[in-house]
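J.: Structure below; questions to follow.
The values are calculated or read from the model by the stated rules, or taken from the named source; none is laboratory data. Fair warning: this is a prediction, and the values are worked out from it, not measured in the lab. Reconstructed Cβ throughout: ideal geometry from the backbone, glycine too, with neighbour counts over all protein chains shown.
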């Protein structure tokens, strides 16, 4: 595809996502710039794919810088007090491990027995994290890649749609910028903006080189956290965080390009069951952990919700929770899930017999 066509189409999709975000603010949807952008572009991907240039795919590398900017923002929430409290997170971190075990087991049964998937497809479709890793390992293990991709995308999208909605109902008003709540970022300082972008790029490159989990986010996060702890905070302004949400939402929405409506409808009800079970597990763990630690229930619920790391961090930001606390737990979820997938991939031939 010609570069000019790729750039123009991507720009139009981002513009459509921005319009969707603006519309979502008027509708008082939670996280309007993320969800509005996702919905607007998903409509095009599902119902109007013939309007897109032949062979067009949203350039996923384009969104890396915007994910890194979210990482920069999260890093500014890492304070000496948070670092000192890490040993006290042992209980909630143990809850993450328990969540991964229970969610993976429950999802395997759902996709295997209700969905009728073969063992590799059921296992990797039910992984509560590690989108890219689950697709890569699943394909190598003989899974049906189209089913696997649809279930993993639907998991993330349902979670980032349902969790803010549930929190909005809990609070009695929409969470996020639709409610007038910002992300507590400084006013735009154009003299500092190049430093923010340069640091985001440097952190991303370092994260990739070091092969950090969720390197697109964590590299910039760790660099920003280090600068913040050293007394040199760099944070993207609120308007740039909104732009990042639009781009991330557009990238998620365009993931549906090429999926048949039949496949999506079949996957949707299975994913709805899976997500409902996982959220129930997460809510139960949140109640139990809260009894021990006293951490707020809604923060723990976000911590155990199996969505994308950067999307969960945005939800945490939208309710004024510390996104660094939430992100740290989600990195553990991702790491444990990927390690479990690596072990399971070597033993899948008899997996369904044991479960």
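J.: Could you check residue 29 against (1) farther than 15 Å from residue 254 by Cα; (2) assigned to a helix (DSSP H, G or I) and say which number it fails?
T.: (2)
J.: When residue 236 is evaluated against the numbered criteria (1) in contact (Cβ under 8 Å) with a residue 60 or more places away in the chain; (2) out of contact with any helix residue (DSSP H, G or I) (no Cβ under 6 Å at 6 or more places or on another chain); (3) at negative phi, which criterion, by number, is the only one it fails?
T.: The number of the failed condition is (2).
J.: Another question, then. What do you reckon, is residue 195 more than 24 Å from residue 333 (Cβ to Cβ), touching a residue at least 24 places away in the same chain (Cβ under 8 Å), in a helix (DSSP H, G or I) and out of contact with any strand residue (DSSP E or B) (no Cβ under 8 Å at 6 or more places or on another chain)? It would help to see each step written out before you state the result.
T.: Details: more than 24 Å from residue 333 (Cβ to Cβ): yes; touching a residue at least 24 places away in the same chain (Cβ under 8 Å): yes; in a helix (DSSP H, G or I): yes; out of contact with any strand residue (DSSP E or B) (no Cβ under 8 Å at 6 or more places or on another chain): yes.
Yes, satisfied.
J.: With segment 64-132 as the region, which helices (runs of 4 or more DSSP H) entirely inside it contain at least 1 residues that are at pLDDT 90 or above, out of contact with any strand residue (DSSP E or B) (no Cβ under 6 Å at 6 or more places or on another chain) and surrounded by 15 or more Cβ atoms within 10 Å (Cβ to Cβ)? So that I can check it myself, show each step before the final result.
T.: Details: elements: 64-75, 80-84, 90-109, 119-125.
It comes to 64-75, 90-109, 119-125.
This table checks each residue for (1) in a helix (DSSP H, G or I); (2) surrounded by fewer than 21 Cβ atoms within 10 Å (Cβ to Cβ); (3) modelled with pLDDT of 85 or more.
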position	(1), (2), (3)
286	yes, no, yes
290	yes, yes, yes
295	no, yes, yes
298	yes, yes, yes
302	yes, no, yes
306	no, no, yes
314	yes, no, no
340	yes, yes, no
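J.: While we're here: Give segment 192-206 a look and list any residue that's buried (at least 20 other Cβ atoms within 10 Å of the Cβ) and closer than 15 Å to residue 63 by Cβ, or say none.
T.: 200, 204
J.: Now for a separate question. Under 6 Å between Cβ atoms, at least 6 apart or on separate chains: pull out the pairs that start in segment 8-21 with a residue that is free of Cβ contacts under 8 Å to residues at least 60 places away in the same chain and end on any residue that is outside any helix (DSSP H, G or I) and loosely packed, with under 14 Cβ neighbours inside 10 Å.
T.: Filtered contacts from segment 8-21: 9/53.
J.: Here's a follow-up. Looking at (1) more than 19 Å from residue 214 (Cα to Cα); (2) assigned to a helix (DSSP H, G or I), can you tell me which one residue 153 breaks?
T.: Status for residue 153: all satisfied but (1).
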